[in-house]
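The values are calculated or read from the model by the stated rules, or taken from the named source; none is laboratory data. Every value quoted in this text rests on a predicted model; they were computed, and no experiment measured them. Neighbour counts run over all protein chains shown; Cβ positions are idealised from the backbone, glycine included. We work out accessible area using only protein heavy atoms, side chains counted, and drop any ligands, DNA or RNA first. Shrake-Rupley method; radii C 1.70, N 1.55, O 1.52, S 1.80 Å.
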Amino acid sequence: MAEWLQSKIVRFCELNNVEEKHNILSDIKIKLGSLNNRETEQISRNVDFSLLFAQLTSNDREFVDQVCDILKALFGILEPGEVYQRYSTEISQLIIHPADVVRSLALHEISCIVSNPQKLPLLLRDVNLLVAVINRIGDDNLVVANCAMRIMKEIGKNPNGLQILYTGELLRSFARLLVKNDTVSFRIYEIVVDVAKSSKEGLEASVQSGFLNSLFEVLENEDILLQINALEILTELALTEEGLNYLEQQEVIKKFVQKITQANENPLSNLLIPGLMKFFGNVARYWPNEIFSKYPIVVSALFEVIESGDQTILGVALDTLGHISMRAEGKYALQALGDAMPCALKKIADIIQRMPTALRIRGLNNLALILDVQKTEQDNRIMSLTKSWFNSMCDDPMGMILALCRQPFADIRQASLEVMAVVASQVWGQEYMSSYPGLVEFLLDRNAESFKECKEAKYAIVKQLAEAEQNVFDANIMQRFAEFVTQGPHYVEANTEVAVEGGV
């Protein structure tokens, strides 16, 4: 089989007729598609790829695409690094090829190598290749640029790779790209932060490179959009304990707090508030007590936004509160603020009933996060807290959620049913639901749901109730729950009406 393919490739290279060349490529692709992995591997090891590489100089895009498809199929069956070891010079040239599909093919092969720690040393000795990869970070084709970024991130996570990442010609190549344009500079910053958050050594190397300080300087840029981008990237670093400590040491967090307090002084600063909210929300999810105790002004600003109902940033504030509430530790930190959370929940009750649809759904989604407690974390203390929060929303919170579950709009209905599922997962919620008039009948009424997502959401509620504590529901209801669950979410009841001949 290898001989057949080799002869086809040789014939292909000799031809000048475009149509005949296309026909041969089609024959090769069909043949490769019919082979098993063992046969394809045998061919890959015995065919001279350099003949195909030479054909990639064609100006015919369709022709080049076909050759790349064949090479990709043959490369993919071999061990990582095998193609590079046989054709290192050619791979280096393909990385700077004019056609993006060829550059992508070569970078994909390099990506396979860096994903294998045993093979990575092959690349680390080839500085010229690594420089070529770094230069592709500035590629106009986003697929190519992203692949180059992934490669450098993986190299930076490897101890041996980290030792050379910010040295010599590699460091100079990064520095040149940093000043190319804003888009490319943020690709570099993304790599630097990814390496910095991967390990203590990665953080130290990224600091020594000077690139982190350059990123901090962007936060002082007059362009608010650049500040927002920098903030988004630094959020990733702040989610590691060492990264957060470093940002605090450099007083970056302090500057973020100042930006929140001074937001009213500069109208454009309001554009930065959602990003700052997101930053502190992400960090507070993991270290709520530290953020709440060190930066109370941030927490106050969050609740002020929710209370104000400012629709331009309300959605982000709701997301932030939901994010902080995802873990029990976050819930307790919010509880320690006194009346802030009950007041916010009253406002959320208003939002989910009266605000524009997008904000209502966002409010419902985050209400589910606020009330949700994983089964493994459920104890009397946390159950007492979520029950009190649920009750604080309004005089009849269950009636409010049930009314929303009955709305004719699929998105509102689904989000409301998902809140109901969270309530159904907790003992106090099961007790409320067992005694609430008409609720069990609504849940068991399959005809009430016409939307697939809503059927599945309602099924999730009944499934929770089918596992309810003993004596919450009577035996007959539990039997109906069990039957509903057995039948599945999309069960359709058979029509039992019988037509009577001659009926009036």
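Things to note:
- Here the spin labels are modelled as points 7 Å beyond Cα on the Cα-Cβ line, and at GLU20 and ASN380 they lie 9.0 nm apart.
- Estimated 222 nm signal from helices in the chain, with DSSP H stretches of n ≥ 4 weighted -39500 (n - 2.57), rounded to 500: -22500 deg cm²/dmol
- Kirkwood-type radius of the stretch 404-490, with distances r between different C-alpha atoms, in Å: 12.8
- Cα centre as origin, Lys/Arg/Asp/Glu Cβ charges: the chain dipole, Debye: 540
- Distance (nanometres) between label positions extended 7 Å along Cα→Cβ at GLN407 and ASN245: 4.7
- Summary value for the stretch 183-287: 25 percent relative contact order, contacts being C-alpha pairs under 8 angstrom separated by 6+ residues.
- A convex hull fitted to the Cα coordinates of the stretch 200-281 yields 80 cubic angstrom per residue.
- With each label modelled as a point 7 angstrom along the Cα→C-beta vector, the ARG125-SER450 pair spans 7.0 nm.
- Once the Cα-Cα distance is subtracted from the 0.36 nm per residue extended length, the LEU271 to VAL10 segment shows a gain of 87.8 nm.
- Cα centre as origin, Lys/Arg/Asp/Glu Cβ charges: the stretch 114-171 dipole, Debye: 240
- FRET E, pair GLU441, ASP339, Förster distance 45 Å, beta-carbon r, rounded to 0.05: 0.75
- Here the Karplus curve 6.51 cos²θ - 1.76 cosθ + 1.60, taken at θ = phi - 60°, turns the phi angles of the stretch 86-91 into couplings of 7, 9, 4, 5, 5, 4 Hz, with x standing for Gly and Pro.
- Probe 1.4 Å - accessible area at VAL492, Å² to nearest ten: 110
- Cα gyration tensor category, rounded, prolate or oblate, for the stretch 69-193 with a/c compared to 1.5: oblate
- Think of the stretch 304-395 as having a plus end and a minus end, set by charges on the Cβ of Lys, Arg, Asp and Glu; of GLY330, SER388, CYS343, SER388 sits farthest toward the positive end of this dipole.
- Tail weight of P(r) past 37 Å, computed on alpha-carbon pairs of the chain, percent: 52
- The HN-Hα couplings worked out from phi for the stretch 248-255 by the Karplus form 6.51 cos²θ - 1.76 cosθ + 1.60 (θ = phi - 60°) are 5, 4, 7, 6, 5, 4, 4, 5 Hz, whole numbers, x standing for Gly and Pro.
- Considering only alpha-carbon pairs that sit under 8 angstrom and 6 or more positions apart, the relative contact order computed for the stretch 266-394 is 26 percent.
- Extension gain from ASP65 to LYS200, taking 0.36 nm per residue of separation minus the Cα-Cα distance: 44.3 nm
- With every protein chain in place, the stretch 404-490: carbon and sulfur % of accessible area (1.4 Å): 48
- Just so you know, the Cα atoms of the stretch 1-134 work out to an Rg and Dmax of 14.9, 45 Å.
- Extension gain for LYS29 to PHE216 (0.36 nm times residue separation, less C-alpha to C-alpha distance): 62.2 nm.
- What the stretch 404-490 shows is 47 Å² of accessible area per residue, with the surface traced by a 1.4 Å probe over protein heavy atoms.
- Residue-normalised accessible area of the stretch 35-182, given per residue in Å² at a 1.4 Å probe: 47
- Between the residues LEU122, PRO408, SER44, the greatest Cα displacement towards the positive end of the dipole of the chain, with unit charges on the Cβ of Lys, Arg, Asp and Glu, is found for LEU122.
- Summing Cβ point charges (Lys, Arg +1; Asp, Glu -1) relative to the Cα centre of the stretch 382-485 gives a dipole of roughly 180 debye.
- Listed by chain and number, the lysines whose C-alpha is less than 29 Å from the C-alpha of LYS197, apart from same-chain residues fewer than 8 away, are LYS119, LYS153, LYS157, LYS180, LYS254, LYS255, LYS259, LYS278, LYS294, LYS331.
- Apportionment of accessible area to carbon and sulfur, the stretch 164-296, percent (1.4 Å): 48
- Average accessible area per residue (Å²) across the stretch 266-394 - probe 1.4 Å, nucleic acids and ligands excluded: 43
- Using θ = phi - 60° in the Karplus curve 6.51 cos²θ - 1.76 cosθ + 1.60, the 3J(HN,Hα) couplings for the stretch 172-179 round to 5, 5, 4, 4, 5, 5, 4, 9 Hz; x is entered for Gly and Pro.
- Gyration tensor (alpha-carbon) shape descriptor, the stretch 266-394, a/c threshold 1.5: oblate
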